[in-house]
Amino acid sequence: LPDGLVLGAMLKREDPRDVLVNRWNSPLTQLPDGARIGTGSPRRRVLMNTLCPQATVLPIRGNVDTRLRKGQGEDYDGVVLAAAGLIRLGLTEHIAEYLSPQRFVPPPGQGVLTVEIRGDDYRMQDMLRIVEHTSTR
């Protein structure tokens, strides 16, 4: 962190897994040949190419809503996203499959939200104690 800033709070970690969303509501193993799956992550691209070679993995950009919309559009048949984002936004009905973390390894810290504050802001540090989740930290 830059000088003068601290992690004021670390919230409880949400589900760290990645999820597959697609127009067929199919699990990874049942995607049709040539299914066009979007991801903005090099890690997810490598894992998709390894675990689902029948799919075509394409780059995708945008926030969660944009990626969900694109994933059902003309250029994509689905997307791979972090479960935490869909859970926090109340969009879990779109999830076709929660990908196994033993096979589709999530990155360290996925699902964690932190609050960065000025180190000398003791009032804010006190206020953030109610959302601090020490087990996550």
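The values are calculated or read from the model by the stated rules, or taken from the named source; none is laboratory data. Computed from a prediction, not measured in an experiment: that's the story for all the values here. Don't worry about glycine lacking a Cβ; one is built from the backbone with ideal geometry, like all the others, and counts go over all protein chains shown.
General remarks:
- Residue pairs meeting the criteria (Cβ under 6 Å; at least 6 apart or on separate chains; first at negative phi and free of Cβ contacts under 8 Å to residues at least 40 places away in the same chain, in the stretch 117-137; second of a type outside the set (Ser, Thr, Tyr) and surrounded by 12 or more Cβ atoms within 10 Å (Cβ to Cβ)): none
- Residue match in the stretch 55-71 (condition: within 15 Å of ASN25 (Cα to Cα), in contact (Cβ under 8 Å) with a residue 40 or more places away in the chain and either in a strand (DSSP E or B) or aromatic (Phe, Trp, Tyr) (or both)): no
- Of all residues making up the stretch 104-124, the number that are at pLDDT below 95 and either among the basic types (Lys, Arg) or outside any loop (DSSP other than H, G, I, E, B) (or both): 0
Residues are listed down the side, and each one gets a yes or a no for (1) closer than 30 Å to THR136 by Cβ; (2) buried (at least 20 other Cβ atoms within 10 Å of the Cβ):
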residue: THR29; (1), (2): no, no
residue: ASP33; (1), (2): no, no
residue: SER41; (1), (2): yes, no
residue: LEU47; (1), (2): yes, yes
residue: VAL64; (1), (2): yes, no
residue: ARG88; (1), (2): yes, no
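- Within the stretch 8-62, being within 24 Å of GLY90 (Cα to Cα), over 17 Å from the mean Cα position of the chain (by Cα) and of a type in the set (Ser, Thr, Tyr) holds for one residue alone: SER26.
- In the stretch 102-119, residue surrounded by the most Cβ atoms within 10 Å (Cβ to Cβ) [restricted to those that are more than 17 Å from GLY85 (Cβ to Cβ) and in contact with a strand residue (DSSP E or B) (Cβ under 7 Å, 6 or more places away or on another chain)]: ILE117
- Residue within the stretch 78-99 that is at pLDDT 95 or above, touching a helix residue (DSSP H, G or I) at 6+ places or on another chain (Cβ under 7 Å), farther than 19 Å from TRP24 by Cα and part of a loop (DSSP other than H, G, I, E, B) present: yes
- Within the stretch 66-86, considering residues that are among the charged types (D, E, K, R) and surrounded by 19 or more Cβ atoms within 10 Å (Cβ to Cβ), the one farthest from GLY109 (Cα to Cα): ASP77
- Residues that are assigned to a loop (DSSP other than H, G, I, E, B) and buried (at least 16 other Cβ atoms within 10 Å of the Cβ) were ranked within the stretch 125-137; the one that is modelled with the lowest pLDDT is THR136.
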